[in-house]
Every structure is written in C-alpha cells, then in structure tokens.
Amino acid sequence: MNTLKNKSLITQRSYPWLIISFSALFLFYKYVLQVSPSIMTNDLMLHFHLNGAGLGNLAAMYFYTYLVMQLFAGPLLDKFNPRVLTSMAIAVCAFGALLFSQADSLIVAWVARACIGVGAAFATVSYMKMASTYFKPERFAFIGGLLATAAMLGSMGGEAPLAWLVSVSGWQDSLFYCGVVGLAIAVLFFIFVKNHEPNKSKEFSCRGVKWKDFFVILNKKQNWLLMFYSGLAFTPLAVFGGLWGNPFLETAYNLSRTGAATLTSMMFLGLAIGGPLFGYLSDLFQRRYSMMFTGLVMSLISLTMVIYGPDLNYLFIGCFLFLFGLGTGAFMLGFTLGRELNNLALMATVVSLINTGDAILGAFSEPLVGKLLDTFGARKMVNHTLIFSVHDFHLSLALLPAYLLVALGFLMCLYRVAP
C-alpha cells in the first residue's frame, strides 16, 4: 500500500512538469516556424520575386492571423477543453509548414503563413493556462519565465540549426520536415495531456465562467497598459530575430548566413535565461517593476550598440545581443502582474489580451521595416535580389530602439496606476 501511495505521490508531483513540458514543446515549435523566414530571406525573395516590403508582408501574414486569433484563444481555452484545442492548434501549425514547403505561388505562401499564425496564437496562452492551473501561485513568476526559455530555444533552433538544414536540404525540404515534426507533437500532446485539473477550487474552475466575466478583464486600465508595454518591449526582439537581424548582420559585419544566425541565436539564448532569471529575482525581492525597468534599459542600450556601435568585433556583437535578449526577458513579468491583478479562472483571457500587444506590433513592424528599407534604399539588384546598404538598415532599424523608449513610458504609467 505504501509503495502504491508513493508512486501516486510521485505521479502527482511530476505530472504538472510533464504538462508544462509539452506546452513548452509547442512554444519551441511555434518559434522555430515564426523566425524561419529570417534565414531564408534571399531564397524567399528570389523564389516569389519579392522586394523588402513584399518579404515583410509575407512574414507578417503570420502576425495578421495571430492577432485575430489572440482575441479568441484566451476565452476559448478558459471556456472549453484546453487539451483538444491545443492539439488542434499544433496540427494547424504543422499543416501551415507543410503547405508553405510546397508553395509555388505567393498566394499559397500567404495562406500557409496565415495557418501557422492561427495555430501559434494558442501557444503562449495555453502554456500560461497550464502554469496557472497546475502550479502554486508563488512559483508562477519562475514557471512563467520558463516560457521564455522554451520559446527562445525554439528561436535558436530556427536560426543556426535551421540555417544549416536549409544549406543542406534547401528551404522547402526543411519546412516539410518541420511540418512532419509538428504533426508528431500534436499527437503526443493529445495522448499525454489529460482533461482533469488538480485544483478544484472555484478560483481555478472554468465551469462557472460566464461570457460576461470576460468583459471585466477589458475594463481594467492596468491590463491595457500591460498589453502595450509587453508589445513594445518584445517586438524589437521579434523583428530583429524574426526577419531583419540576419540580413543586417550579414551586411554590416560581413558575416555568412550561418555566422549571422549564430550571433542572432545569442539573443534568444539571453532571453531563454532572462525570463526565468527575472522571474526568480522578482519573487525573491518582490520587485516586479524595478526588474522590468532594469530589463528595458539593458535591452535599449544593448540593441543600440549592435545597430550603431562602431566596428564591433564578433565577440562584442554576440555579448550585446545576449544582453539584449537577457534584458528582454523581464517583459515576462507582465504576465505575472496580469495574474495577480485578475481572476485566475480567466488567466488564459488575461494572457491573450496582454499577448495581443505583441501581435499588433508584430503584424505591421516587420513589413514597416521592409517598407522603410525600400524607401531609403538605393534599390541595388544582385542576382535578381534587392541588396540594402548599412546606411539603409541604420535608418530603418531606428524603429526598434524607439519602441523600447515608448515601452518605458507605458511602464511608468503602469507603476503609477498600480494598486
């Protein structure tokens, strides 16, 4: 009997980690697909006959549908079965990758990226829903910070390793393999994730949630400030790492595709460490806002040095990109504040609203940088592909440090209205 009880206790303790691991795997997969165009820029421009704005719009189709689905993902996960919805979302991502790998026209490529965005909209929300359901409140900041670790490991996987795979197999075969892996993850998630919740208290129960309860979330000023802060703090990393960072590094520092992707991976490594680190420190010292402020300032200085620093060597570029990612990790504390300010049964809706800031800014920032490059650039053509100068990138990428400055303003406003 004691042996059975011990096994049951071990299962109860380990099962939440199994759940969160599968949720993290979905995040890993989402970010591999999200950043994949950044190491295929020349291939995609040549294959689909695109300029900078056209490539930005193709990559941003992900964000357009991601933004729309963010409005529904949270309420759906709060109201209905997270296991089924999340499994379906992973499968939709996989289908999008498979479709993109076979795309011969720009329209099909748009549809494929749109499908990836629809499924990916559930990844962050599902992770936070599982974290709030299966883990104690005092561990939420740290567990929530691990979201950044999973996400950024996925982004790293979408950089140097995927760049190597593309160089060996081509971009189409590489995306096909990504699609097959996604289908396997969807099946595993459906098999291993159960439908029960360990905490039966009303605070956590979704059964009593009414649709009118969701409007309570929308009526809180703090939630909207968190949304804009989160979007402005994270979008520079998403834009730089998701599309324009690699071509900038190749041009400004004369790097190969793999070399640039390796440096970009340092940014994602920094965020992977920064998310749980800032979560742990904020729990330890109970200083949410000071940690968020410190992270923003670190990100702003580091990114500015990478874009405008004079003649940086390879080591210094990697260090600054790492610090840029490390500082960006503090933005994860926005989800912790959202949890503390709202009803836990509506956690997915809260995360969905906050995450909408990332989707809104991501939807137009990547094509906006492309449009700025087209506007400022000399439109030099090499092998039927547009080539931009370092000066073109300096003018266009100024948008990203500006976002971080505005994020500081929203963070100060949030601090003033905080209860």
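The values are calculated or read from the model by the stated rules, or taken from the named source; none is laboratory data. Just so it is clear, the model here is predicted, and its values are computed rather than measured. Cβ placement follows ideal geometry from the backbone for every residue including glycine, while neighbour counts extend to all protein chains displayed.
For region 116-125, indicate whether the set of residues that are surrounded by fewer than 24 Cβ atoms within 10 Å (Cβ to Cβ), modelled with pLDDT of 80 or more and more than 17 Å from the chain's Cα centre (by Cα) is non-empty. Within region 116-125, none of the residues are surrounded by fewer than 24 Cβ atoms within 10 Å (Cβ to Cβ), modelled with pLDDT of 80 or more and more than 17 Å from the chain's Cα centre (by Cα). The set of residues in region 106-154 being in a loop (DSSP other than H, G, I, E, B) and in contact with a helix residue (DSSP H, G or I) (Cβ under 8 Å, 6 or more places away or on another chain) consists of Ala121, Phe122, Phe135. Entry remark, region 218-261: residues being surrounded by fewer than 24 Cβ atoms within 10 Å (Cβ to Cβ), modelled with pLDDT of 85 or more and of a type in the set (Val, Ile, Thr) number 1 in total. When the criteria are applied in full, Asp392 fails the requirement of being acidic (Asp, Glu) and either within 20 Å of the chain's Cα centre (by Cα) or modelled with pLDDT under 80 (or both).
Applying a threshold of 9 Å to beta carbon distances and a minimum spacing of six or more residues, or different chains, the list of pairs starting in region 350-378 at a residue that is under 27 Å from Val216 (Cβ atoms) and ending at one that is assigned to a helix (DSSP H, G or I) and of a type in the set (Asp, Glu) reads Ser352/Asp78. Remark: Leu255 falls outside the filter, which requires a residue to be part of a helix (DSSP H, G or I) and of a type outside the set (Phe, Trp, Tyr). Pairs linking a residue in region 311-334 that is on the phi < 0 side of the Ramachandran plot and hydroxyl-bearing (Ser, Thr, Tyr) to a residue that is buried (at least 17 other Cβ atoms within 10 Å of the Cβ) and assigned to a helix (DSSP H, G or I), with Cβ atoms under 7 Å and 6 or more positions apart or on different chains, are Thr328/Ala233; Thr328/Phe234; Thr328/Leu237; Thr328/Leu271; Thr328/Gly274; Thr328/Gly295; Thr328/Ser299. If you check Lys210 against the conditions, is it of a type in the set (Lys, Arg), closer than 21 Å to Ala348 by Cα, out of contact with any Pro (no Cβ under 7 Å at 6 or more places or on another chain) and at pLDDT below 75? Yes, satisfied.
Scanning region 31-48 for residues that are closer than 17 Å to Ala363 by Cβ, at pLDDT below 85 and aliphatic (A, V, I, L, M) yields a total of 1.
Counting the residues of region 49-63 that are modelled with pLDDT under 85 and in a helix (DSSP H, G or I) gives 9. Here Asp374, Asp358 are screened, and the one residue that is of a type in the set (D, E, K, R), closer than 18 Å to Ala121 by Cα and part of a helix (DSSP H, G or I) is Asp358.
Applying the condition of being more than 30 Å from Thr133 (Cα to Cα) and at pLDDT below 90 to region 298-341 and asking which residue is surrounded by the most Cβ atoms within 10 Å (Cβ to Cβ) yields Leu312. The set of residues from region 73-97 being over 16 Å from Met128 (Cβ atoms) and either at pLDDT 90 or above or assigned to a helix (DSSP H, G or I) (or both) comprises Val84, Ser87, Met88, Ile90, Ala91, Val92, Cys93, Ala94, Phe95, Gly96, Ala97.
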